[in-house]
Amino acid sequence: MDAIGGYFELELRRGEHYHKDAIRLNTARNCFEYVLIARKYRRVYIPYYTCEVMLQPLRRQHVEYTFYSIDWNLEPVETFNLKDGEAFLYTNYFGLKQDCVERLAKVYGSRLIVDNAQAFYAPRIEGIDTFYSPRKFFGVPDGGYLYTDCRLEVELPQDTSYERMAHLLIRADKDAEAGYSAFRENEDKLDNAPVMRMSKLTEKILQNVDYEITKKMRRANYMYYDRILNLENRLCIAIGKRDVPMVYPFSAKEGGKLKRKLIGDRVFVPTYWPNVIRDTPSGNIEIELSNSIINLPVDQRIGKQEVKKVIDLI
């Protein structure tokens, strides 16, 4: 039994997980690896425009992979006839491509794997293997949610996260710059981590989130950006009624210059993903997407005043 009495732990309320019926693992990439093992896939079609960490599970499980390209709508440019043992991985980019996910589900059926790392609120389609990365949306050090109908008959060990909390605590107590090196260290610690169950600490933090307020704030911030910047944005992706965005992707002709300006004014915009420029064939659209897209913050920590400041800087 748990200890009774004694000193207090971090004070958190006992709410519910948003993805109550999902398998709770330690990272999203390990959710992907779980699927590879359970389904015994031998080849996966994977987009050029994705994070290089998604290759870690493929390499560890010795699964072959073939890259495919997307267009300016962030949708695949071709359809593949999958053979036995093959799957198709699609990323729900920026949390804005649920309609595309649903179309691909009709094409590939249960051989579709949906990477919802950027789409925490996107619903799982019945029978489709789908995974999520809560740390892209909330202040947690790790964690992943997985929906699959193919379960492994093994008892996975449980991860621990208390040694990966430094960047979260430093930012809460000081500022973003002070905790950035600790954030980078945490990212490195997650590289090639074994497949484990979500830690108790990460679970408790995720049970503390007000998911409905977060959803409303992200959508409102996105739509405020879009009302002002839509005509200047080369990446015209309408937000659907069910979409909850991770960022507002703004494609500018001088994206690099503008990105440096924003960071200089302490508007910290992430780059997704540097590996795309290195690994994609010359002339592919993915290189232009990586160079031009500025990922403007829409998260629940900001409101109309902060969004207006970003727009004024642009």
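The values are calculated or read from the model by the stated rules, or taken from the named source; none is laboratory data. A quick note: this is a predicted structure, and the numbers were derived from the prediction, not measured. Methodologically, a virtual Cβ is constructed for each residue, glycine included, from the backbone with ideal geometry; neighbour enumeration extends over all protein chains shown. Accessible surface is based on the protein model in full, side chains and every heavy atom, while ligands, DNA and RNA are left aside. Shrake-Rupley method; radii C 1.70, N 1.55, O 1.52, S 1.80 Å.
Structure notes:
- Rolling a 1.4 Å probe over the protein heavy atoms gives the chain an accessible area of 52 Å² per residue.
- Choice from A178, A117, A87 with maximal GNM fluctuation in the chain (Cα, 10 Å cutoff): A178
- Ligands, DNA and RNA left out, the 1.4 Å accessible surface of the chain is 50% carbon and sulfur atoms.
- Applying a threshold of 31 Å to the alpha-carbon distances of K136/K304; K253/K308; K204/K309; K204/K261; K20/K257; K40/K97 flags K204/K309; K204/K261; K20/K257 as lying beyond it.
- Sorted peptide list for 234-241, 25-32, 268-275, 161-168, criterion being average Cβ within 10 angstrom, highest first: 25-32, 161-168, 268-275, 234-241
- For R103, neighbours were defined as the other residues whose beta-carbon sits under 12 Å from its Cβ, and their charges (Lys and Arg +1, Asp and Glu -1) total -1.
- Every Cα-Cα pair in segment 38-183 was counted, and those over 25 Å apart are 36% of them.
- Taking the DSSP bridge list for segment 74-215 and keeping only pairs wholly inside it, about 25 percent are antiparallel.
- Beta bridge orientation in the chain: antiparallel %, DSSP, nearest 5: 45
- Net charge of Cβ neighbours under 12 Å - reference Q207; Lys, Arg +1; Asp, Glu -1: +3
- Cβ-Cβ FRET estimate between R42 and E185, R0 fixed at 51 Å, reported to 0.05: 0.90
- Hull shadow area, averaged, segment 12-88 [alpha-carbon convex hull, nm²]: 7.3
- GluC sites (Glu not before Pro) within segment 46-117: DSSP coil, no more than 12 neighbouring Cβ in 10 Å: E78
- Computed FRET value (nearest 0.05) for D149 with N275, which takes r as the C-beta separation and R₀ as 30 Å: 0.45
- Only alpha carbons enter this Debye calculation for segment 176-296, each as an equal point scatterer, and the log10 of I(q)/I(0) it gives at q = 0.14 Å⁻¹ is -0.88.
- Most mobile of S110, S69, S282 in a GNM of the chain (Cα contacts under 10 Å): S282
- Model label zone, D175; criterion: amide N under 13 Å from point 7 Å along Cα-to-beta-carbon; scope segment 250-267: 264-267
- Helical contribution to [θ] at 222 nm, DSSP H n ≥ 4, -39,500 (n - 2.57), averaged over the chain, rounded to 500: -10500 deg cm²/dmol
- If you take all other residues with their beta carbon under 12 Å from the beta carbon of Q300, and give Lys and Arg +1 and Asp and Glu -1, the sum is +1.
- A probe of 1.4 angstrom, applied to the heavy atoms of all protein chains, finds K204 with accessible area near 80 square angstrom.
- Y65 long-range amide H proximity, modeled H, under 5 Å: V44
- Förster radius 22 Å - calculated FRET efficiency between A166 and E11, Cβ distance, rounded to 0.05: 0.70
- The smallest convex shape that holds all Cα atoms of segment 123-245, its convex hull, gives 170 Å³ per residue.
- Gain on full stretching of the segment that runs from Q207 to Q305 - 0.36 nm per residue minus C-alpha separation: 32.4 nm
- For the pair E102 and N73, label points projected 7 Å from Cα toward Cβ lie 1.5 nm apart.
- Note, ³J(HN,Hα) from phi for segment 267-277, Karplus 6.51, -1.76, 1.60, rounded to Hz, x at Gly and Pro: 9, 8, 10, x, 10, 10, 10, x, 5, 4, 5
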